[in-house]
Amino acid sequence: MSGEGKVQFKITLTSDPKLPYRVIKVPENAPFTAVLKFAAQEFKEKEETSAIITSDGIGINPAQSAGNVFLKHGSELRLIPRDRVGSA
């Protein structure tokens, strides 16, 4: 055992009226891009056109560690297809 800490996120798919969610547990130092990719695959969405936001609607920069995101934004996040928010 490496003793590495893990963080857990509850990610809700906001584009579905039923608001399905997945609970994902990853190492603290995992890149958040990997969390985004996995969550998008779980919901059968394209990772290239998906974004993760906070429950307050604040976008999260995926270029950081999962531990950083957890400390800054907590565990409850939302996955949104970017076409729903008007990507350029």
How many residues, within the range 4-36, are part of a loop (DSSP other than H, G, I, E, B), open to solvent by less than 70 Å² (accessible area, probe 1.4 Å) and closer than 15 Å to PRO62 by Cα?
1
Can you tell me which residues in the range 63-88 are modelled with pLDDT of 90 or more and either of a type in the set (Ser, Thr, Tyr) or open to solvent by less than 40 Å² (accessible area, probe 1.4 Å) (or both)?
GLN64, SER65, ALA66, GLY67, VAL69, GLY74, SER75, LEU77, LEU79, ILE80
Criterion (touching a residue at least 40 places away in the same chain (Cβ under 8 Å) and either open to solvent by less than 40 Å² (accessible area, probe 1.4 Å) or aliphatic (A, V, I, L, M) (or both)) met by exactly one of ALA39, ALA51:
ALA39
Being touching a Pro at 6+ places or on another chain (Cβ under 8 Å), in contact (Cβ under 8 Å) with a residue 40 or more places away in the chain and under 14 Å from THR54 (Cβ atoms) is the filter here, so list the residues in the range 9-35 that pass it.
THR12
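The values are calculated or read from the model by the stated rules, or taken from the named source; none is laboratory data. Nothing here was measured: the structure is a model prediction, and the numbers come from that model. Cβ: placed from backbone, ideal geometry, glycine included. Neighbour counts: every protein chain shown. Calculation scope for accessible area: heavy atoms of the full protein, side chains included, ligands and nucleic acids excluded. Shrake-Rupley method; radii C 1.70, N 1.55, O 1.52, S 1.80 Å.
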